[in-house]
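Participant: Below is the structure I would like to discuss, written out as structure tokens.
The values are calculated or read from the model by the stated rules, or taken from the named source; none is laboratory data. As the structure is a prediction and not an experimental result, all values here were calculated from the model. All Cβ positions, glycine included, derive from the backbone under ideal geometry; neighbour counts span all protein chains shown.
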Amino acid sequence: MKKIGLYFGSFNPVHIGHLIIAEYIATQTELDEVWLAVSPHNPLKEPSQLAPEEHRLEMVKLSIKGSKYLQASDIEFAMEKPSYTFKTLQVLSDTFPKYSFTLIMGEDNMPTFHLWKEYEWILKNYRVKFFPRLDVPLSESPIDWGKYDVQIIAAPRMEISSTQIRKNIAAGKSNRYLLTDEAIDYIKRHKLYLSLWVLGFGSWVLGFAF
């Protein structure tokens, strides 16, 4: 049975931190592949500089092109909004009955995982691999993690922020080495993230350098 890791995220935009973690988990654990599943815009929330989902998906595809271990997934694009992880897992398991799926997420999700819809069902039916995060205070979780197939992976600790990358673009600052060249070229061609509303100043900041 093929073992697939599912790394969900807005990837707005996808950066090298995402890629390093995904590649590490795909090559240093028992998983065969890691799928970077791009989360669509939740219509119940403010977009907050969220680029259109098709652009975010394309940047993931370009950034992982040629990888034997990473794939881009748009599984949630056609699903009812808001999308819930347990529903996505059901669809994937029905669509790929010969695959086993493992959730991949940052350990900062541990204190609030009990708030996820059908979290117990997820933990009873799927493995979860958490990767470490820096400077994240972990409060006590009501979940008895020892009851479930959960693992904290010694992956590299990456504190690269998509928010800061977007601010850099809007301010005309460099993102070299934070994004792949393919992602940088795509953002330039499609003029993504060039405007940023700065709270407290009431003005638009425009930038064009990378």
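Participant: Any idea how many residues of region 92-112 are modelled with pLDDT under 95, surrounded by 13 or more Cβ atoms within 10 Å (Cβ to Cβ) and either under 18 Å from residue 39 (Cβ atoms) or among the basic types (Lys, Arg) (or both)? I'd like the intermediate steps shown before the answer.
Facilitator: Residues of region 92-112 modelled with pLDDT under 95: 106-112.
Pick out the ones that are also surrounded by 13 or more Cβ atoms within 10 Å (Cβ to Cβ) and you get 106-111.
The next check asks that each one be either under 18 Å from residue 39 (Cβ atoms) or among the basic types (Lys, Arg) (or both); those that pass are 106, 108-109.
Total meeting the criteria: 3.
Participant: Condition check: of a type outside the set (Val, Ile, Thr) and part of a helix (DSSP H, G or I). Does residue 12 satisfy that?
Facilitator: The answer is no for residue 12.
Participant: When you scan region 154-184, how many residues do you find that are on the phi > 0 side of the Ramachandran plot and either touching a residue at least 40 places away in the same chain (Cβ under 8 Å) or under 19 Å from the mean Cα position of the chain (by Cα) (or both)? Break it down stepwise before answering.
Facilitator: Going through region 154-184, the residues on the phi > 0 side of the Ramachandran plot turn out to be 172, 177.
In the following step, the residues that additionally are either touching a residue at least 40 places away in the same chain (Cβ under 8 Å) or under 19 Å from the mean Cα position of the chain (by Cα) (or both) were identified as 177.
Number satisfying all stated conditions: 1.
Participant: Of the numbered conditions (1) in a helix (DSSP H, G or I); (2) out of contact with any Pro (no Cβ under 8 Å at 6 or more places or on another chain); (3) closer than 16 Å to residue 105 by Cα, residue 24 fails exactly one; give the number of that condition.
Facilitator: For residue 24, the failing item is (2).
Participant: Turning to a different aspect of this structure: Would you mind stating whether residue 58 is part of a helix (DSSP H, G or I) and of a type in the set (D, E, K, R)?
Facilitator: In short, yes.
Participant: Same structure again: Taking region 79-90, which residues are without any contact (Cβ under 8 Å) to a residue 12 or more places away in the chain and either within 14 Å of residue 26 (Cβ to Cβ) or in contact with a helix residue (DSSP H, G or I) (Cβ under 9 Å, 6 or more places away or on another chain) (or both)?
Facilitator: 80 - this is the single residue of region 79-90 that is without any contact (Cβ under 8 Å) to a residue 12 or more places away in the chain and either within 14 Å of residue 26 (Cβ to Cβ) or in contact with a helix residue (DSSP H, G or I) (Cβ under 9 Å, 6 or more places away or on another chain) (or both).
Participant: Criterion first (hydrophobic (A, V, I, L, M, F, W, C) and under 23 Å from residue 125 (Cα atoms)) does residue 36 satisfy it?
Facilitator: The answer is yes for residue 36.
Participant: Could you list all residues from region 61-91 that are hydrophobic (A, V, I, L, M, F, W, C), over 18 Å from residue 116 (Cα atoms) and outside any helix (DSSP H, G or I)? Show your work before the answer.
Facilitator: Here is the first cut: in region 61-91, the ones hydrophobic (A, V, I, L, M, F, W, C) are 62, 64, 70, 72, 75, 77-79, 86, 89, 91.
With the extra rule that they be over 18 Å from residue 116 (Cα atoms), the set shrinks to 62, 64, 70, 72, 75, 77-78.
Of everything in region 61-91, those that are hydrophobic (A, V, I, L, M, F, W, C), over 18 Å from residue 116 (Cα atoms) and outside any helix (DSSP H, G or I) turn out to be 64, 70, 72, 75, 77, 78.
Participant: Still on this model: Which one of these does residue 41 not meet: (1) buried (at least 18 other Cβ atoms within 10 Å of the Cβ); (2) touching a Phe, Trp or Tyr at 6+ places or on another chain (Cβ under 9 Å); (3) not hydrophobic (A, V, I, L, M, F, W, C)?
Facilitator: Residue 41 satisfies all of (1) buried (at least 18 other Cβ atoms within 10 Å of the Cβ); (2) touching a Phe, Trp or Tyr at 6+ places or on another chain (Cβ under 9 Å); (3) not hydrophobic (A, V, I, L, M, F, W, C) except (2).
Participant: Right, here's the next one. Evaluate the following for residue 146: is it touching a Gly at 6+ places or on another chain (Cβ under 8 Å), surrounded by fewer than 16 Cβ atoms within 10 Å (Cβ to Cβ) and over 17 Å from residue 15 (Cβ atoms)?
Facilitator: No; evaluated as a whole, the condition is false for this residue.
Participant: Would you call residue 116 surrounded by 15 or more Cβ atoms within 10 Å (Cβ to Cβ), among the aromatic types (Phe, Trp, Tyr) and farther than 23 Å from residue 39 by Cα?
Facilitator: When the stated conditions are applied, residue 116 does not pass them.
Participant: Which condition does residue 5 not pass, out of (1) outside any helix (DSSP H, G or I); (2) more than 15 Å from residue 88 (Cβ to Cβ); (3) not acidic (Asp, Glu), if it passes all the others?
Facilitator: Every condition holds for residue 5 apart from (2).
Participant: If I filter region 179-201 for residues that are at pLDDT below 75, under 18 Å from residue 14 (Cβ atoms) and out of contact with any Pro (no Cβ under 7 Å at 6 or more places or on another chain), do I get at least one hit? Step through it out loud before you land on a result.
Facilitator: Restricting attention to region 179-201, the residues satisfying the condition of being at pLDDT below 75 are 196-201.
From what is left, the residues that are under 18 Å from residue 14 (Cβ atoms) are none.
No.
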